[in-house]
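First comes the structure, then the notes that go with it.
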Amino acid sequence: MKPKRIRVELADFISKQKVTYKARPNAVIIAGETLAIIQADENLTKEFVDLTEHANVVLACRVSPN
């Protein structure tokens, strides 16, 4: 997945979450490869943290230590 697409999807998820997080529980699920791309970009990292702030659960799949 490319950083530009990740940025668009994060913005979409954040806007949806602002509407729903008070009404129902929500989770963020992310694949290790996408998480690595996010961590490499300071702005994407900030957006991801913003998304996870109101999540009840954050699940990172296929993540292994380097």
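Quick note: the coordinates plus some simple rules give every number you see, no bench work behind them. What you are looking at is a predicted structure, and each value in this text was computed from that prediction instead of being measured. Backbone-built Cβ (ideal geometry, glycine too); neighbour counts: all protein chains shown.
Numbers for the structure displayed
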{"read-out": "Sequence-distant residues sharing a close amide H with residue 31 (under 5 Å, placed H)", "value": "61"}
{"read-out": "Residue 19 paired with residue 56, simple spin-label distance in nm, labels 7 Å along Cα-to-beta-carbon", "value": "2.0 nm"}
{"read-out": "Exposed-site-free run, longest, the chain (rule: trypsin sites (Lys or Arg not before Pro); DSSP loop; at most 11 other C-beta within 10 Å)", "value": "23-61"}
{"read-out": "The chain shape via C-alpha gyration tensor axes, a/c threshold 1.5", "value": "oblate"}
{"read-out": "Anchor residue 2: aspartates and glutamates whose Cα lies under 18 Å away (excluding residues fewer than 8 positions away in-chain)", "value": "12, 33, 41, 42, 47"}
